[in-house]
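The values are calculated or read from the model by the stated rules, or taken from the named source; none is laboratory data. The shown structure was predicted, so the numbers you read here are calculated from the model rather than taken from an experiment. Here the Cβ positions follow ideal geometry from the backbone for every residue, glycine too, while neighbour counts run over all protein chains shown. Surface accessibility is based on the protein's heavy atoms, side chains included, excluding ligands, DNA and RNA. Shrake-Rupley method; radii C 1.70, N 1.55, O 1.52, S 1.80 Å.
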Amino acid sequence: MKIVLLGTGTGIPDPRTPRGYAGVYVKAGREHLVLDAGPGTLKQLMRIGVSYLDLDRLFLTHFHPDHCLDLVSILFAMRIPYPARTRPFTVYGPRGLKQLYRQLNTAFHRWIEPQTYRLTLKELGETTLALPGGTVRTKRMNHAEGRALGYRLESAGRAIAYSGDTDVCDDIVQLGRRADVLILECSMPDERKVAGHLTPTACGRIAAEAQARRLVLTHFYPIVHLATARRRIRRSYAGRLTLARDLQALHC
Ligand SMILES: [Zn+2]
Ligand SMILES: [Zn+2]
């Protein structure tokens, strides 16, 4: 699989190291997948040469705006018929996805509903799905009152796990079990731990317990100091470690 971190920031822009909002591109077999679609995801996809016309599936972890606002931009682009999109598009997310779509479509006077292609919205609990490019497993994460999902994608014998936003929980360890790439949010420094999010020490422990082969961190608030974060993670996790930057590409 090919992975590109489209945006490695959070809900607030960082003046020193500009980071985009949450979004991860994955090429699994022939399928073009996106995990989360924060503002700017559509533009970042264009920058790596992936057109909205090519996208097959979008997996939303939860409905905080930094993870889902570009759903509107993506569906609006797909509606514009120059050229007309014919490829079906499926959006997955936790319960509430259909209501979110209806409300957004009403707010935008039906300018995001499809004209030339088939749009499917799938609300997921904890489940495993078989897809043309492999399988997708979901687990409920410790974030947004338990309404957030983490995703694990498996394709051609490789596994990627993605936390979206979460606090410490056993389910993220399960999801990341021996993953080739475990992508965790690392919102806050250890000294400023907040409910619903991880710190570098927590990320290191999760990756070590899960025995993940590679740990990739994203979703950094500006106050996270990367060199300190790396040291804290190294206290518990000895595997390959990447503190991601926007548009960083990985292969597994
Ligand atoms: Zn977030
Ligand atoms: Zn969130």
| query | What is the one condition in (1) under 21 Å from Thr127 (Cα atoms); (2) exposed (fewer than 13 other Cβ atoms within 10 Å of the Cβ); (3) touching a residue at least 24 places away in the same chain (Cβ under 8 Å) that Ala84 does not satisfy? | reply | (1)
| said: Exactly one condition in (1) farther than 18 Å from Tyr162 by Cα; (2) touching a Cys at 6+ places or on another chain (Cβ under 8 Å) is false for Arg47; which is it? | reply: (2)
| message | Taking the condition of being assigned to a loop (DSSP other than H, G, I, E, B), over 27 Å from Ala249 (Cβ atoms) and within 16 Å of ligand 2 (Cβ to nearest atom), how many residues in region 120-144 meet it? | response | 1
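State yes or no: is Gly9 open to solvent by less than 40 Å² (accessible area, probe 1.4 Å), of a type in the set (Gly, Ala, Ser) and either in contact (Cβ under 8 Å) with a residue 24 or more places away in the chain or under 18 Å from Tyr101 (Cβ atoms) (or both)?
Values: open to solvent by less than 40 Å² (accessible area, probe 1.4 Å): yes; of a type in the set (Gly, Ala, Ser): yes; either in contact (Cβ under 8 Å) with a residue 24 or more places away in the chain or under 18 Å from Tyr101 (Cβ atoms) (or both): yes.
For Gly9, the condition - open to solvent by less than 40 Å² (accessible area, probe 1.4 Å), of a type in the set (Gly, Ala, Ser) and either in contact (Cβ under 8 Å) with a residue 24 or more places away in the chain or under 18 Å from Tyr101 (Cβ atoms) (or both) - is met.
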| request: Return yes or no: is Ile233 open to solvent by less than 20 Å² (accessible area, probe 1.4 Å), within 23 Å of Ile3 (Cβ to Cβ), more than 19 Å from the chain's Cα centre (by Cα) and not small (Gly, Ala, Ser)? | output: yes
| When residues of region 170-192 are filtered for being more than 12 Å from ligand 1 (Cβ to nearest atom), more than 21 Å from Arg213 (Cβ to Cβ) and touching a residue at least 24 places away in the same chain (Cβ under 8 Å), how many remain? | 3
| request: Pull up region 211-228, narrow it to residues that are under 20 Å from Ile3 (Cα atoms) and either of a type outside the set (S, T, N, Q) or modelled with pLDDT under 95 (or both), then point me to the one that is most open to solvent (accessible area, probe 1.4 Å). | output: Arg213
| remark: Note: among Asp66, Asp70, Asp56, just one is touching a His at 6+ places or on another chain (Cβ under 6 Å) and either open to solvent by 70 Å² or more (accessible area, probe 1.4 Å) or not hydrophobic (A, V, I, L, M, F, W, C) (or both), namely Asp56
| said: Can you list the helices (runs of 4 or more DSSP H) lying wholly within region 1-119 that have 2 or more residues being within 16 Å of ligand 2 (Cβ to nearest atom)? | reply: 65-68, 70-79, 97-107
| Are any of the residues in region 147-170 surrounded by fewer than 18 Cβ atoms within 10 Å (Cβ to Cβ), under 19 Å from the mean Cα position of the chain (by Cα) and within 16 Å of ligand 2 (Cβ to nearest atom)? | yes
| task | Determine, yes or no, whether Gly133 is touching a residue at least 24 places away in the same chain (Cβ under 8 Å) and either surrounded by fewer than 20 Cβ atoms within 10 Å (Cβ to Cβ) or not acidic (Asp, Glu) (or both). | result | yes
